[in-house]
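Here, each number is a calculation from the coordinates, and none is a lab measurement. Quick caveat, the model's predicted, so the values are computed rather than measured. We place every Cβ from the backbone using ideal geometry, glycine too, and count neighbours over all the protein chains shown.
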């Protein structure tokens with residue numbers, strides 16, 4: 001096989017792997033969570049940056065359900081949230097919990 | 001607003017995810033989040049999960065707890081179900097909710113918890129019972145006949161926890177029992193009878209000894225009246241030891257409502273009643289009517305004078321004048337063996353009637369320092385008090401004058417008597433008393449003072465009695481002092497005195513007849529010219545001369561030549577008094593031959609003063 005053929009096979013395999021992953025239950029659940037997160041974020045008036053930051057916070061907190069971050073203001077009370085700027089965290093506190 | 005948006009979106013989630021979010025929100029220490037979660041869980045349009053609120057109730061912050069309390073009727077059945085359901089892990093939160101929010105009907109549930117295997121459950125159950133029972137006690141316990149089932153259950157629960165005191169050691173239930181007042185008396189009896197350990201008895205005693213609420217007072221009062229001697233003795237001991245002002249005041253008010261018979265019931269076996277220390281603690285702060293009533297009670301106790309004075313003195317410090325006066329009058333009956341401290345204060349600082357009462361007491365008791373206490377009041381504004389003090393000071397001065405009378409010369413006696421008369425309006429009353437004295441020396445002094453003051457007319461009636469006095473000195477002086485002219489009774493007395501065995505009485509009687517200046521008495525007096533006593537004979541001669549009987553001259557000259565020295569001495573005196581014509585020469589002739597020095601001295605003295613006016617009769 002020529003080198004080109006090898007490259008083609010490798011590419012097809014990669015596409016197959018990605019396709020498999022995209023259609024896996026975990027991926028679907030992840031996408032669903034993300035969709036719900038965006039819906040909750042929009043309902044609470046968060047912009048994209050704030051929404052992304054809140055998503056990261058939920059994941060870094062190891063929440064079983066990332067939506068729990070919307071009812072756990074304690075996660076935003078830390079002095080320094082590593083994955084978000086202080087300004088973003090303050091905006092999140094204000095928009096989600098009114099303070 | 002955002003939290004509500006979040007919770008409204010939760011409805012789009014599957015039930016398990018919703019439950020997880022609500023549970024997380026209820027557990028989060030954020031009031032707004034918790035409140036929104038409570039409202040979401042209790043929303044009948046949604047999942048309606050009151051069980052979640054029950055489970056997480058313990059961690060709810062006040063606002064969320066209030067939101068839950070508003071829906072209590074929906075939560076309590078869940079909690080009840082979990083408690084009665086047995087040993088599941090959810091019973092602790094259920095107890096917590098019932099303990100925190102349940103009403104009196106929840107007592108039945110909480111009682112189940114006090115025997116639970118979990119210490120946390122027992123703790124919650126006891127705390128809840130304390131809250132509910134205290135609330136019931138504070139709202140006012142009603143008699144058994146009118147109690148609701150929940151109230152009956154509450155009493156039953158209280159009995160249970162009291163009987164189990166040795167196991168749980170919660171003394172708060174004793175305080176609660178006390179708050180129920182007299183209604184709790186059966187509980188006290190039941191606990192005392194069944195609890196043989198001293199810890200329970202001590203716990204009850206401590207609660208009753210320190211309970212500062214009306215209920216505790218009423219319970220103690222009810223125990224004092226209890227038929228059971230042990231209960232009564234316990235109450236008496238506690239009353240004896242309590243000194244806190246609210247209790248003492250309350251007790252005093254109650255005691256003041258009792259009659260003597262009921263007072264004896266609560267007083268205890270000893271002579272000093274158990275309630276006395278408590279009452280004395282606040283005696284000066286009580287309402288005047290109460291203080292006076294208690295003072296009467298104290299007087300009726302039959303205490304020994306020392307104890308009685310100690311018990312009465314605090315009332316003298318009362319601000320009300322009527323109480324002060326009553327206290328002072330009561331003190332007088334004790335004789336004040338412990339001193340006059342409070343009386344001194346009243347004399348110095350008291351108001352009108354109290355000072356008068358205090359001064360009256362000092363006068364009545366006549367302590368050694370009486371004059372020191374009363375003298376500063378001589379210049380007081382109150383005329384009644386001033387009159388009283390002046391009278392007493394005068395009396396004391398008169399008494400001192402009598403004591404020093406014998407040591408004074410006649411001139412000083414007369415000056416002092418007249419000075420006292422000016423100060424003392426009651427001088428004649430005092431002399432009257434002295435004339436009636438049992439001591440003849442005092443009567444004699446009184447007679448002499450009457451003479452100094454020329455008070456014979458003012459004191460005539462008592463003086464007449466002294467003419468028959470058993471003491472001859474008194475009789476003799478009385479005959480001389482009393483003015484008898486114009487009195488048939490007096491003449492009779494004088495006639496009797498002429499035959500008195502005492503020569504001085506006879507002599508003075510003769511002198512008295514002389515002063516009557518009535519010649520008809522000449523015949524009556526002539527026999528006394530032969531009296532064996534020189535003084536009687538001299539007085540008779542002088543009196544007869546002054547009554548105009550010429551034979552008296554010869555009688556006196558005959559006495560002047562008598563062998564008896566005393567007779568010659570009296571003759572010199574009598575002749576010097578009457579000074580008939582030729583008397584000087586007669587005396588001079590006698591002086592030339594007189595051998596007795598005493599008679600000679602008298603002769604020289606009379607002759608030396610011959611030109612001077614004749615002195616007043618002896």
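A few remarks follow.
- Relative contact order (%) - chain A, alpha-carbon pairs under 8 angstrom, separation at least six: 23
- Normalised alpha carbon radius of gyration of region B:263-304 [divisor 2.2 N^0.38 Å]: 1.13
- Among B:600, B:346, B:255, a tally of other beta-carbon atoms within 10 Å of each Cβ gives an order, fewest to most, of B:600, B:255, B:346.
- Model label points for residue B:270 and residue B:317, set 7 angstrom from Cα along the Cα-to-Cβ axis, are 2.1 nm apart.
- Convex hull volume of region B:500-575 per residue (C-alpha atoms, cubic angstrom): 74
- Choice from A:62, A:74, A:11 with maximal GNM fluctuation in chain A (Cα, 10 Å cutoff): A:11
- Size descriptor for region B:399-521, Kirkwood hydrodynamic radius: 14.8 Å (Cα pairs only, one decimal).
- Sorted peptide list for B:257-267, B:403-413, criterion being average Cβ within 10 angstrom, highest first: B:257-267, B:403-413
- Helix B:31-41 axis, angle to chain B major axis (alpha carbon atoms, nearest 10°): 60
- Principal semi-axes in Å for chain A [√(5λ), Cα gyration tensor, largest first]: 38, 15, 11
- Between residue B:460 and residue B:243, the distance separating the two model label sites (each 7 Å from Cα on the Cα→Cβ line) works out to 6.9 nm.
- Segments B:371-382, B:22-33 sorted - mean Cβ within 10 Å per residue, highest first: B:22-33, B:371-382
- Per-residue mean of foreign Cβ neighbours for A:63-75 is 6 (Cβ atoms of other chains, 10 Å radius).
- Degrees separating the helix B:198-210 axis from the principal Cα axis of chain B, which is the longest one: 60
- Counting every C-alpha pair in region B:523-612, the share spaced more than 18 angstrom apart comes to 36%.
- In chain A, the calculated helix contribution to ellipticity at 222 nm averages -21500 deg cm²/dmol per residue, counting -39,500 (n - 2.57) for every DSSP H run with n ≥ 4.
- Using the Cβ-Cβ distance between residue B:202 and residue B:69 with R0 set to 41 Å, the FRET efficiency from 1/(1 + (r/R0)^6) comes to roughly 0.60.
- Straightening the chain between residue B:579 and residue B:117 buys 152.9 nm, computed as 0.36 nm per residue apart minus the Cα-Cα spacing.
- Built from the Cα atoms of region B:141-231, the convex hull projects on average onto 5.7 nm², one quarter of its surface area.
- Using a Förster distance of 25 Å, the FRET efficiency for residue A:24-residue A:47 (Cβ separation, nearest 0.05): 0.25
- Debye equation applied to the C-alpha atoms of region B:171-276, log10 I(q)/I(0) at 0.10, 0.13 Å⁻¹: -0.25, -0.42
- Both radii come from the Cα set of region B:521-565: Rg as radius of gyration, Rh as Kirkwood radius; their ratio Rg/Rh reads 0.94.
- Inter-chain shielding of B:29-36 (mean C-beta neighbours from other protein chains, 10 Å cut-off): 3
- Translational D in µm²/s for region B:320-435 (Stokes-Einstein at 25 °C, 0.890 mPa s, Kirkwood Rh from C-alpha pairs): 161
- Separation in nanometres of the label points that stand 7 Å from Cα toward Cβ, at residue B:289 and residue A:16: 11.1
- Inter-chain shielding of B:2-11 (mean C-beta neighbours from other protein chains, 10 Å cut-off): 5
- Percentage, to the nearest whole number, of Cα pairs in chain B over 35 Å apart: 67
- FRET efficiency, residue A:1 to residue B:45 (Cβ-Cβ, R0 60 Å, nearest 0.05): 0.35
- Angle between chain B longest axis and helix B:472-481 axis [Cα atoms, degrees, rounded to 10]: 80
- Average projection area in nm² (convex hull over Cα atoms of region B:285-330, one quarter of hull surface): 2.7
- Both radii come from the Cα set of region B:303-368: Rg as radius of gyration, Rh as Kirkwood radius; their ratio Rg/Rh reads 0.92.
- Euclidean distance of C-alpha centroids, region B:304-373 and region A:37-82, integer Å: 87
- The share of Cα pairs per 5 Å bin across region B:248-397, counted from zero up to the longest distance, runs 2, 10, 20, 20, 18, 12, 9, 6, 3, 1, 0 percent.
- Taking every alpha-carbon pair under 8 Å whose residues sit at least 6 apart, chain B reaches a relative contact order of 4 percent.
- Length gained on full extension, residue B:433 to residue B:375, computed as 0.36 nm times the residue gap minus the Cα-Cα distance: 18.5 nm.
- Region B:386-433 versus region B:257-283: alpha-carbon centroid distance in Å: 48
- Highest average first, the peptides B:545-553, A:50-58 ordered by how many other beta carbon atoms sit within 10 Å of their residues are A:50-58, B:545-553.
- Full extension of the chain between residue B:84 and residue B:589 gives 167.2 nm of extra length, using 0.36 nm per residue less the Cα-Cα distance.
- Using only the C-alpha atoms, the convex hull of the protein assembly as shown corresponds to 330 Å³ per residue.
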